[in-house]
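J.: Submitted below is the structure of interest, expressed as structure tokens.
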Amino acid sequence: LFVGEAPGFHEDKQGEPFVGAAGQLLTRLLNEVVGVERADVYICNILKCRPPGNRDPQDDEIEACTPWLVEQVSLIQPRVIVTLGNFATKFVLNTRQGITRMRGTAYPWHGRTVIPTYHPAAILRGGGERSRQFGELREDFELVRDTLPTIDRRPVRVTPPEPTKQPERVARDEPPTQ
């Protein structure tokens with residue numbers, strides 16, 4: 001599960017997360033470094049709508065969208081969560097530490113592993129592939145790749161309830177079946 005902050009312009013228009021340039025970089029890193037297709041991971045944002053003027057999310061917006069994210073995590077049951085950027089990292093890990101200090105490490109979180117990394121859009125704004133941060137982003141994706149085989153991938157077993165015994169139905173005009 002990859003978690004970003006909020007939809008960008010293109011994402012808000014299309015109703016799908018990470019479809020712009022940042023999404024293209026994310027898809028490329030998933031393919032080249034982690035070795036998975038984008039279709040094999042779930043990508044979402046904390047906020048489900050773009051804040052006006054692309055400003056930072058406000059507390060009431062976060063509060064309104066948190067149940068959606070909680071439900072997504074509950075339904076998907078991811079073993080690894082990758083937080084994309086400062087905001088998502090601080091929110092998911094409930095920390096005040098910034099992404100620069102948090103990235104590069106896998107953290108236990110409610111029986112899952114959280115791996116914080118830079119937001120791809122920040123990399124593109126900060127110099128792209130020539131930047132130091134791009135190398136660190138790539139290292140974080142290598143950490144994701146190396147962590148996946150160590151995670152217990154067995155599905156959580158849900159024990160179905162004992163079936164209730166239904167009375168046998170016997171038709172009056174038909175002979176009993178064996």
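J.: Looking at (1) without any contact (Cβ under 8 Å) to a residue 40 or more places away in the chain; (2) crowded, with 21+ Cβ neighbours inside 10 Å; (3) not in a strand (DSSP E or B), which is the one condition that is false for LEU137?
T.: Failed condition: (1).
J.: Please count how many residues of region 129-149 are in contact with a helix residue (DSSP H, G or I) (Cβ under 6 Å, 6 or more places away or on another chain) and among the β-branched types (Val, Ile, Thr).
T.: Residues that pass the stated criteria total 1.
J.: When you go through ALA6, ALA22 one by one, which is the residue that is in contact (Cβ under 8 Å) with a residue 24 or more places away in the chain and assigned to a helix (DSSP H, G or I)?
T.: ALA22
J.: Which of the residues belonging to region 77-86 are surrounded by 13 or more Cβ atoms within 10 Å (Cβ to Cβ) and over 16 Å from LEU137 (Cα atoms)?
T.: Of all residues in region 77-86, those surrounded by 13 or more Cβ atoms within 10 Å (Cβ to Cβ) come to 78-86.
Across region 77-86, the qualifying residues are PRO78, ARG79, VAL80.
J.: Quick one: count up the residues across region 44-55 that are free of Cβ contacts under 8 Å to residues at least 40 places away in the same chain and either part of a loop (DSSP other than H, G, I, E, B) or surrounded by 15 or more Cβ atoms within 10 Å (Cβ to Cβ) (or both).
T.: Step one: list which residues in region 44-55 are free of Cβ contacts under 8 Å to residues at least 40 places away in the same chain, which gives 52-53, 55.
Next, only the ones that are either part of a loop (DSSP other than H, G, I, E, B) or surrounded by 15 or more Cβ atoms within 10 Å (Cβ to Cβ) (or both) stay: 55.
Count: 1.
J.: Looking at region 75-91, can you tell me whether even one residue there is small (Gly, Ala, Ser) and in a helix (DSSP H, G or I)?
T.: Yes: one or more hits.
J.: Now for a different question. Scanning for something part of a helix (DSSP H, G or I), over 21 Å from GLN77 (Cα atoms) and open to solvent by less than 70 Å² (accessible area, probe 1.4 Å), does region 30-43 turn up at least one residue?
T.: Taking region 30-43 first, the residues part of a helix (DSSP H, G or I) are 30-34, 38-40.
Of the ones still in play, those that are also over 21 Å from GLN77 (Cα atoms) are 31-33.
Of the ones still in play, those that are also open to solvent by less than 70 Å² (accessible area, probe 1.4 Å) are 31, 33.
Yes, region 30-43 has at least one match.
J.: Tell me which residues, restricted to region 87-110, are open to solvent by 60 Å² or more (accessible area, probe 1.4 Å) and touching a residue at least 40 places away in the same chain (Cβ under 8 Å).
T.: PHE91
J.: Shifting gears a bit: Hey, can you tell me all the residues within region 9-18 that are in a loop (DSSP other than H, G, I, E, B) and surrounded by 19 or more Cβ atoms within 10 Å (Cβ to Cβ)?
T.: Hits for region 9-18 are PRO17, PHE18.
J.: May I ask you to list the residues in region 98-119 that are in contact with a strand residue (DSSP E or B) (Cβ under 7 Å, 6 or more places away or on another chain) and in a helix (DSSP H, G or I)?
T.: If the condition is that a residue be in contact with a strand residue (DSSP E or B) (Cβ under 7 Å, 6 or more places away or on another chain) and in a helix (DSSP H, G or I), then ILE99, MET102 are the ones that fit.
J.: Related question: Mind checking which residues of region 107-123 are more than 19 Å from ILE43 (Cβ to Cβ) and in contact with a Ser or Thr (Cβ under 8 Å, 6 or more places away or on another chain)? Before you say what the answer is, go through the steps one by one.
T.: Here is the first cut: in region 107-123, the ones more than 19 Å from ILE43 (Cβ to Cβ) are 107-108, 110-111.
Once the filter is applied, which keeps residues that are more than 19 Å from ILE43 (Cβ to Cβ) and in contact with a Ser or Thr (Cβ under 8 Å, 6 or more places away or on another chain), region 107-123 yields only TYR107.
J.: Pull out all pairs, ordered by first then second residue, where Cβ-Cβ is under 7 Å, the residues are six or more apart or on different chains, the first lies in region 58-80 and is within 15 Å of GLY4 (Cα to Cα), and the second is of a type in the set (S, T, N, Q) and outside any helix (DSSP H, G or I).
T.: Within 7 Å, the pairs are VAL80/THR113.
The values are calculated or read from the model by the stated rules, or taken from the named source; none is laboratory data. Remember, it's a predicted structure, so these values are computed and weren't measured experimentally. Note that we place each Cβ from the backbone using ideal geometry, even for glycine, and neighbour counts take in every protein chain shown. To get the accessible areas, we keep the full protein, side chains included, count just its heavy atoms, and leave off ligands, DNA and RNA. Shrake-Rupley method; radii C 1.70, N 1.55, O 1.52, S 1.80 Å.
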